[in-house]
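For reference, the structure is listed below as structure tokens.
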Amino acid sequence: MKIALFLVFALVGFAQQYDLILKGGTVIDPKNGVNATRDVAILNGKIAAVSASLPATAAKKTIDVSGLFVTPGLVDIHVHVFWGPKHAVIADGDISVQPDAVGFRAGVTTMVDAGTSGWRDFADFRRRVIDTSKTRVLAMINIVGVGMLSEDDAVDQNQFDMNPAMVAQTAAKNADVVVAIKTAHWRQMNFISVEKAVEAGNLANLPVMVDFGYFEKSYQTMVTDKLRPGDISTHFYRFPAPLIDKDGHAAEYLLAARKRGVKFDVGHGGGSFHFPVAEPLVKQGFWPDSISTDLHSSSVNGAMIDMLNVMSKFLAMGVPLLEVIRESTTNPATEMRRPELGQIGVGAEADIAVLRMEKGKFGYVDVRGGRIEGSQRLGCEMTVRAGKIVFDFNGRAGVPWREGKIEYPKR
Ligand SMILES: [Zn+2]
């Protein structure tokens with residue numbers, strides 16, 4: 001009898017070898033070449049199996065996600081999340097938002113703060129935000145020592161607060177979370193901030209992301225002569241960059257820069273995405289290397305909204321779903337030299353987005369109110385971060401309360 005009981009327990013224990021199975025969804029994992037119906041099993045926060053069929057009884061919890069897309073957790077490499085007082089006086093660096101409050105509901109599990117902190121306040125950013133968020137927050141350090149302050153780009157012009165050696169030192173000390181160097185809002189007709197950022201990038205062996213102020217004439221020089229292979233130009237689809245030649249084609253120098261390894265990132269934001277630039281480039285196949293939001297409190301309620309809305313804009317312009325997912329997962333992860341992220345191969349940390357594709361008539365606007373229509377819109381059904389369900393739009397992980405399995409407070 002005792003042996004029989006032991007056998008039963010052993011079998012049950014063996015049967016429930018996983019913590020969670022997401023069953024029957026269409027897995028799109030560009031890095032691992034998967035685009036098919038698959039069951040995904042999670043154990044101890046890691047992907048334990050991706051298989052054509054796993055028994056529903058093999059996990060403590062199995063959730064039916066048929067009819068939905070299962071993708072790696074989205075990787076947004078241009079956000080501003082240094083929220084709360086900065087330098088004790090400024091509220092929310094560059095109008096930052098709380099990462100967990102806005103990312104999970106859009107399937108985002110990894111965010112890269114794009115230079116809201118500089119080397120002078122990075123320790124504060126790390127202690128208050130990076131180390132306390134459920135979202136995986138990585139960081140680019142601003143080449144300006146004080147980082148970004150809200151609505152005040154005078155500090156961005158202070159070349160005397162650009163210290164590549166201190167930036168590189170801070171990056172080395174925090175190599176587990178610092179992935180790049182950032183320069184932004186430079187409004188002078190020279191490349192001082194870019195050159196200083198590249199100098200820091202060389203010292204730290206990290207890529208540089210550049211959001212370059214007045215780049216009408218100088219943009220070509222920047223992507224041709226200043227940026228190294230692997231460096232990233234964000235706010236790509238915006239005026240007044242001369243990206244399109246007089247015949248309406250992508251400028252020759254852009255193709256050459258891309259061939260050389262310069263990366264082009266969306267960084268939509270509140271003022272940096274224009275359809276008259278984006279649509280012709282995208283229709284010619286000049287797709288972004290990475291899709292990102294430039295998330296802050298002014299862009300979330302504007303034309304940007306969230307990562308899925310920006311991704312849906314690219315669907316509406318004709319980029320295939322597989323490529324849109326690639327540009328929002330493995331591509332940005334690889335740009336940040338974290339190729340283990342943005343994919344759901346066995347052994348990877350279990351960061352997953354479960355997405356629905358809505359069909360209908362939808363509108364998408366750029367930052368000037370220019371509109372296009374689309375027949376598809378991505379929405380987030382569920383987000384899993386390190387194996388834990390952190391967003392569950394339709395309560396799929398719940399159980400009917402009338403079954404009496406939930407413990408409620410006594411009346
Ligand atoms: Zn930004």
Rg/Rh of region 259-303 (Cα atoms, Kirkwood Rh), to two decimals, equals 1.02
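Is region 245-285 rounded, prolate or oblate when judged by the Cα gyration tensor, a ≥ b ≥ c being the square roots of its eigenvalues, rounded requiring a/c under 1.5 and prolate requiring a/b larger than b/c?
Note, shape of region 245-285 comes out oblate.
May I ask you to order 103-110, 121-128 by the average number of other C-beta atoms within 10 Å around their residues, highest value first?
103-110, 121-128
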The ratio Rg/Rh over the Cα atoms of the chain, Rh being the Kirkwood inverse mean 1/r radius, stands at 1.02
Taking a ≥ b ≥ c as the square roots of the eigenvalues of the Cα gyration tensor, with a/c under 1.5 meaning rounded and otherwise prolate when a/b exceeds b/c and oblate if not, region 18-123 is prolate
1/(1 + (r/R0)^6) with r = Cβ-Cβ of M357 and F160, R0 = 51 Å, i.e. FRET efficiency to nearest 0.05, evaluates to 0.50
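Return the carbon/sulfur percentage of the accessible area of region 74-352, one whole number, probe 1.4 Å, all protein chains in place.
On region 74-352, the fraction of accessible area on carbon and sulfur atoms equals 53 percent.
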Once normalised by the length of region 196-267, the mean sequence separation of its alpha carbon contacts under 8 Å that are 6 or more apart gives a contact order in percent of 34 percent
If one compares the long axis through the Cα atoms of helix 2-15 with the longest principal axis of the Cα atoms of the chain, the angle in degrees, nearest 10, works out at 30 degrees
Along region 233-241, Karplus-curve 3J(HN,Hα) (6.51, -1.76, 1.60; θ = phi - 60°) to the nearest Hz, with x for Gly and Pro, reads 9, 9, 6, 5, 8, 9, 6, x, 4
Full extension between E323 and R258 adds, at 0.36 nm per residue less the Cα distance, a length in nm of 21.7 nm
To the nearest 10 degrees, the tilt of helix 307-316 (Cα long axis) against the first principal axis of the alpha carbons of the chain is 80 degrees
To the nearest 10 degrees, the tilt of helix 164-173 (Cα long axis) against the first principal axis of the alpha carbons of the chain is 10 degrees
Spelling it out for K61: with amide H atoms placed in the peptide plane at 1.01 Å from N, the residues 5 or more places away or on another chain with amide H under 5 Å from its amide H are L20, I21
Dividing the mean separation of Cα pairs under 8 Å (6+ apart) by the residue count of region 359-398 yields a relative contact order in percent of 27 percent
Non-local residues with an amide H under 5 Å from the amide H of L206, with H modelled 1.01 Å from N and Pro and chain starts lacking one, are none
Summing -39500 (n - 2.57) over every DSSP H run of at least 4 in the chain, dividing by its residue total and rounding to the nearest 500, the 222 nm mean residue ellipticity is -5500 deg cm²/dmol
Here region 129-137 yields Karplus 3J(HN,Hα) values (6.51, -1.76, 1.60; θ = phi - 60°; whole Hz; Gly and Pro given as x) of 10, 4, 7, 10, 8, 6, 4, 6, 9
Cross-link reach from K246 to aspartates and glutamates, straight Cα distance under 20 Å and at least 8 residues apart if same chain, gives E216, E279
Taking a ≥ b ≥ c as the square roots of the Cα gyration tensor eigenvalues, with a/c under 1.5 meaning rounded and otherwise prolate when a/b beats b/c or oblate if not, region 137-182 comes out oblate
Residues meeting the amide H criterion for K263 (H placed from the backbone, H to H distance under 5 Å, 5 or more places apart or on another chain) are G230, D231, I232, S233
Links exceeding 20 Å between C-alpha atoms in this model, out of K60/K134; K61/K388; K86/K182, come to K60/K134
Going residue by residue through region 197-212, the Karplus relation 6.51 cos²θ - 1.76 cosθ + 1.60 with θ = phi - 60° gives ³J(HN,Hα) values, rounded to whole Hz and with x marking Gly or Pro, of 5, 5, 4, 5, x, 5, 5, 8, 6, 10, x, 10, 10, 10, 10, 10
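The values are calculated or read from the model by the stated rules, or taken from the named source; none is laboratory data. All of these numbers come straight from a predicted model, not from anything done at the bench. When we count neighbours, we look across all protein chains shown, and the Cβ atoms used for this are built from the backbone with ideal geometry, even at glycine. We work out accessible area using only protein heavy atoms, side chains counted, and drop any ligands, DNA or RNA first. Shrake-Rupley method; radii C 1.70, N 1.55, O 1.52, S 1.80 Å.
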